[in-house]
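Below is one structure, written out as structure tokens; comments come after it.
What follows is calculated from the coordinates using simple rules that are stated; it is not laboratory data. Here the structure is a predicted model, which is why all the values come from computation and not from measurement. Reconstructed Cβ throughout: ideal geometry from the backbone, glycine too, with neighbour counts over all protein chains shown.
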Amino acid sequence: MWTLIQIELFKIFRRPRTYIAFAAIFSLIAIIQFGLKLDGDSYVDFMMRDITSSLTIEGKILNGYQVCYITLQILLVHVPLLIALVAADMISGEANMGTLRFMLTRPISRTNFILAKFIASVVYTLMLLIWLAIMALFVNMLLFGTDDLFLLKSQYVVLLKRDDIFWRYLWAFGFAALAMTTVASLGFLFSLFAENSIGPIVATMSVIIFFTILSTLNIPVFNTIKPFLFTTHMIGWKEFFDIKVNDANEAIVGSIQNPGRIWQSALVLFVHIIGFLAASVLIFKKKDILS
Amino acid sequence: MKKYLLILVASFFWMDSDGQDMTALVMKVKAKLDLVKDYEAEGKMKTDVSFIKAPIGKVHVYFKKPNLFKLKKDGGISLLPKGGVTVNMNTVFATTDFVALAAGEALVGGVNTKVVKLLPSNENNDIVLTTMYIDEANLLVMKMVTTTKENGTYEIQMSYGQFAKYGLPDKVIFSFNTKDYKLPKGITLEFEDEAKPLTEAQKIKNKKGRVEITYNSYAVNKGLNDAVFK
């Protein structure tokens, strides 16, 4: 099994397409960093215009933690596309090249074969997230320094102390890994049904865009189905940045407002991953491999 | 007729002497505060605004005569009422050009106080009116309601301890009005359903904000560099 995973990882990282995602993340974050370094104060003034009408905010708002949050908010919506580029190509790519049938002539079970491919795509997803964490968190901490984190939510604002933030980011990236693995498993499932990569990649993105729009729309008729859409739960990482307050309205350092909601979202995503993977294994075991 | 005229003249004299008394009382309080040329205080600040979730933070407060004032948080970001915390006793008393009118008596924190309306004579002053609740026996301002041109009305309530001899409070509660806060979910990327609408009582309560500063220590008249206030 380990050998199979190594072979699959070798194949993933040999292809130039794989590095498009890493380059894209690097360029996007570099652009954001450049823009905010150059004219970040105007961006902050624009974001704060509602709150500064009654309050004066003093301190370094645009610090590394803040820039990381802004970056994640923008990028974690688009990273699924980069993951789909590889995950949705895992089986269909082999079928397209005509190597799938050949590979299955080797003495390995179909289950092991497909699990190795899935694990390899998960490793790719995790490496992409680690790259994102390095660029969005650590590089921003170096470039912009660290300070308290001031977050604007739709109904209220949250102020987190500098020493109460880093652990939240670690958990947030862990959660994002779960969310992105869900995307990878969906793309992986779709890759079983096509003999070229374009179809599964576009199908994965279409599902994500469609579900994300449904999750965003605040129309009562859609509210009932929202909890069942995995896209609703993919932004659960943000819950790590909401803090509890006591009866005197004092924020409790080290607390999370809705840990239950995080667990629920994590469970929904985990069930999706298991569901997509199980479906992939079952379909692949019964699939008539003709290419 | 003579009798009525006598009563009228007597009441004028009584009102006039009462007005003088209030100016005298205010000047006594000012004289007490004038003992403080500068101070550096250390304390904890709590921001209590319905739409803000913020932890308690350590603060340093600096004051230097005549009206230099600075509040600094020990690192991090601080949220203060707009133009507000700089409105304090020292800045109100920075001017001697005012009219002090008696407005009765009131009980503040269990202490009997004289209510004094302070009107600045200079019409360019940002402060329009200050109502002071003065503990006459100890020459301490227990409460102050200040209306400004730019930033509305603030209420400042003070309690005193070991630095009462300088007229410096141990605790200051600063109340002010806040505006509604709401951002579209499309901007904040939140997918969860709308929160339940607030009742009218909750809405009124939510429009009041408070900043509480509890001082642990004061360093009075030790000399402060002007650079601190920049």
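Brief remarks follow.
- FRET efficiency for the B:Lys37 to B:Leu129 pair, using the beta carbon distance and R₀ = 25 Å, is estimated at 0.35.
- Dipole size of the protein assembly as shown about its Cα centre, with +1 on Lys/Arg Cβ and -1 on Asp/Glu Cβ: approximately 900 debye, rounded to the nearest 20.
- Column: log10 I(q)/I(0), Debye, Cα scatterers of segment A:20-147, q = 0.10, 0.11 Å⁻¹: -0.48, -0.55
- In terms of surrounding Cβ atoms within a 10 Å radius of their Cβ, A:Ile25, A:Ile7 rank from fewest to most as A:Ile7, A:Ile25.
- FRET efficiency, B:Asn67 to A:Ile274 (Cβ-Cβ, R0 56 Å, nearest 0.05): 0.25
- Listed residues A:Leu129, A:Gly35, A:Leu115: farthest to the positive end of the dipole of segment A:35-129 (Cβ charges): A:Leu115
- 18 Å Cα-Cα threshold exceeded, pairs from B:Lys53/B:Lys179; A:Lys37/B:Lys73; B:Lys58/B:Lys165; A:Lys161/B:Lys53: A:Lys37/B:Lys73; B:Lys58/B:Lys165
- Neighbour-limited loop hits for trypsin sites (Lys or Arg not before Pro), segment A:160-267 (at most 16 other Cβ within 10 Å; DSSP other than H, G, I, E, B): A:Lys244
- Per-selection Rg to Rh, chain A - Cα, Kirkwood hydrodynamic radius: 1.02
- Per residue of B:68-77, other chain Cβ atoms within 10 Å of the residue Cβ number 4 on average.
- Entries of A:Lys244/B:Lys82; B:Lys82/B:Lys143; A:Lys60/A:Lys226 with Cα pairs more than 29 Å apart: A:Lys60/A:Lys226
- A:Leu170 versus A:Val77: modelled label distance in nm, points set 7 Å from Cα along the beta carbon direction: 3.0
- FRET efficiency for A:Asn246 and A:Thr111, using Cβ-Cβ distance with R0 set to 56 Å, rounded to 0.05: 0.60
- Gyration tensor over alpha-carbon atoms, the protein assembly as shown, equivalent ellipsoid semi-axes in Å: 66, 22, 17
- Fully extended contour minus Cα-Cα distance, from A:Asp45 to A:Glu58, at 0.36 nm per residue: 3.5 nm
- Distance between the 7 Å Cα→Cβ label points at B:Asn216 and B:Lys165: 2.3 nm.
- Unit Cα scatterers, Debye sum, segment A:136-291: log10 I(q)/I(0) for q = 0.09, 0.11 Å⁻¹: -0.41, -0.58
- Of B:Phe63, A:Phe144, the sequence from fewest to most neighbouring Cβ atoms within 10 angstrom is A:Phe144, B:Phe63.
- Taking amide H as placed 1.01 Å from N in the peptide plane, B:Lys53 has its amide H under 5 Å from the amide H of A:Val157, A:Val158, A:Leu159, each at least 5 places away in sequence or on another chain.
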